[in-house]
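Down below is the structure, laid out as structure tokens.
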Protein chains: 2
Amino acid sequence: MDETPVTLADLADGNLRRDILSGAFKPGEKLSIALLTNRYAIGASPLREALSRLSAEHLVVLEGKRGFTVAPVSVAELDDISACRRLIETEAVSQAVAAGDEAWESRMVAAFHKLDRAEERIQQDTGSLDEWEQRNREFHEAVVSACGSPWLIRLQKLLYAQHERYRRVSLTFREPDRDLRGEHRAIMQACLDRDAAAAARLSAEHIDRTVLAVHAVLAAGNVPPRRTRSSTRTASLPNRR
Amino acid sequence: MDETPVTLADLADGNLRRDILSGAFKPGEKLSIALLTNRYAIGASPLREALSRLSAEHLVVLEGKRGFTVAPVSVAELDDISACRRLIETEAVSQAVAAGDEAWESRMVAAFHKLDRAEERIQQDTGSLDEWEQRNREFHEAVVSACGSPWLIRLQKLLYAQHERYRRVSLTFREPDRDLRGEHRAIMQACLDRDAAAAARLSAEHIDRTVLAVHAVLAAGNVPPRRTRSSTRTASLPNRR
DNA sequence: AAAAACTTTTTTATCGATAAAAATTCGGGT
DNA sequence: ACCCGAATTTTTATCGATAAAAAAGTTTTT
């Protein structure tokens, strides 16, 4: 019934989003239209449109007559985003627990299962990180999906994306001493038990643990260069052609 | 020295934002590129870019190959937005009270004064509503400005804009039995007294009162006759196909 | 007269070209 | 050698044109 007309700008949006979140484009990096056009084989107009959307989501920044750049990262902003995500997501989880029906439960269980399998494969070094990231996102979206508030969901997605970027910028490896599977399972279980307080608390702790891990990596010297006026040397490798 | 290069897309953004928030463009109304180009005397490309940004903020919606429309309104979404704004703004106010310095206090006092004067003029029927709206926005932004969290501020702006649109769509007249000046003064006073709990509570109540008022208007029949701006189609009905 | 199929009109999405602005290079003067 | 400023290159922002899709209108068929 409902067609899905996909436009070139949508494609560009998807590509850019993926490459920014995955860290293929580094924070602060210049996003030159000319380069992007032959990287994606998409014209300048759709690209500009996609970049405009992303700039409203603060994944890229658009400066006056100076073009687009990937939004910079900083420890301070990591803390800021994390605090906001905690605020939004604990509220959303609580409401979801209160309002969720059976369909929600099964969505959650299904998403958890797929994520759990990906975790498994990662631990055996036979899985892709991209896949894990996608399923992790889907799990967290499933959990809050029953909160009944489109805006909470929208904000959750927004902040999750920002958070994911930080995670992937710094976490190319896995932390060995962390039981992610257990954390996810616990969140789901609290939801199934309809224990809103526990679900919210576990979610908050889950976020906090991630923040600590990323924090450690960021603080340990490997801080990407902060954007300053015109000092944006392309220290990264767009690696095209 | 930071220059401020203003681009045509920025101009279009500003114009569109103003006209959507003020209700000159009605919810659900089609935003045809051709019409907009000679309304603002701005080319199609900058317009498209501005509309893309606004669609990321959910002030306009972009459907597949069907063009842009002003985002629709509904009572359900009003409640949703209001709840989110309450969540964000109470948190931001609390943090601002905890972290605000003297400069913050004076920003707030100054903004309150300007708003209060506008209130005064409105009550005497010698003031413009646009001016009042701007100063109201500036006051609320001043209150949260010291919260120390750029993302909380960003979210506050986002939700405030949505809320403003609802207010202006339905509130062409003033509610006589409401002491807005007193409410604003009370919020500011609680902030100056460094009473975070009271400031948060008063802000929440402030939002809730607004919601009730808008709710009443929205529920009692549809959108009241706004200023004549080539009202093309039915504005408030969720029209499909 | 209603439905279906075709045609015309309108409008969107996109491209290619271009003017303007910023970054870069280059060259003389101190 | 170094700094300042003019000329050059690069890149951005924008326009005008165009192909394609949707909407509106028209005709034909039942």
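The values are calculated or read from the model by the stated rules, or taken from the named source; none is laboratory data. Just so we're clear, the structure is a prediction, and the values are computed from it rather than from any experiment. Virtual Cβ from ideal backbone geometry, glycine too; neighbours counted across all protein chains shown. Remember, those area values only see protein heavy atoms, side chains included, never the ligands or the DNA or RNA. Shrake-Rupley method; radii C 1.70, N 1.55, O 1.52, S 1.80 Å.
The table below lists the values:
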item	result
Qualifying residue in segment A:52-63 (condition: open to solvent by less than 20 Å² (accessible area, probe 1.4 Å), under 24 Å from A:S170 (Cβ atoms) and more than 14 Å from DNA strand D (Cβ to nearest atom))	yes
So A:L21, is it more than 10 Å from chain B (Cβ to nearest Cβ) and closer than 23 Å to A:Q162 by Cα	yes
Leading residue by the ranking (nearest to the other protein chains (Cβ to nearest Cβ)) among those in segment A:24-36 that are within 11 Å of DNA strand D (Cβ to nearest atom) and open to solvent by 70 Å² or more (accessible area, probe 1.4 Å)	A:K30
Test result for A:S149, surrounded by 22 or more Cβ atoms within 10 Å (Cβ to Cβ), at pLDDT below 95 and within 28 Å of B:W151 (Cα to Cα)	no
Candidate set: segment B:81-111, residues that are of a type in the set (S, T, Y) and touching a residue at least 12 places away in the same chain (Cβ under 8 Å); chosen: the one surrounded by the most Cβ atoms within 10 Å (Cβ to Cβ)	B:S82
Selected residue (criterion: farthest from the other protein chains (Cβ to nearest Cβ)) from residues of segment A:37-48 that are in a helix (DSSP H, G or I) and near DNA strand D (Cβ under 10 Å from one of its atoms)	A:T37
Cβ pairs under 8 Å, 6+ apart, first in segment A:182-206 and touching a residue at least 12 places away in the same chain (Cβ under 8 Å), second of a type in the set (K, R)	A:E183/A:R209; A:S203/A:R86; A:A204/A:R86
Residues located in segment B:78-97, provided they are touching a helix residue (DSSP H, G or I) at 6+ places or on another chain (Cβ under 7 Å) and facing another protein chain (nearest Cβ under 7 Å)	B:D80, B:I81, B:C84, B:L87, B:E91
Hits in segment A:64-76 (condition: modelled with pLDDT under 95 and either open to solvent by less than 10 Å² (accessible area, probe 1.4 Å) or facing chain B (nearest Cβ under 8 Å) (or both))	A:G64, A:K65, A:R66, A:V73
Residue within segment A:2-14 that is surrounded by 19 or more Cβ atoms within 10 Å (Cβ to Cβ) and assigned to a loop (DSSP other than H, G, I, E, B) present	no
Helices (runs of 4 or more DSSP H) fully within segment A:100-197 counting 3 or more residues that are under 15 Å from the mean Cα position of the chain (by Cα)	A:129-144, A:150-170
Residue count, segment B:40-50 (criterion: more than 8 Å from DNA strand C (Cβ to nearest atom) and buried (at least 18 other Cβ atoms within 10 Å of the Cβ))	6
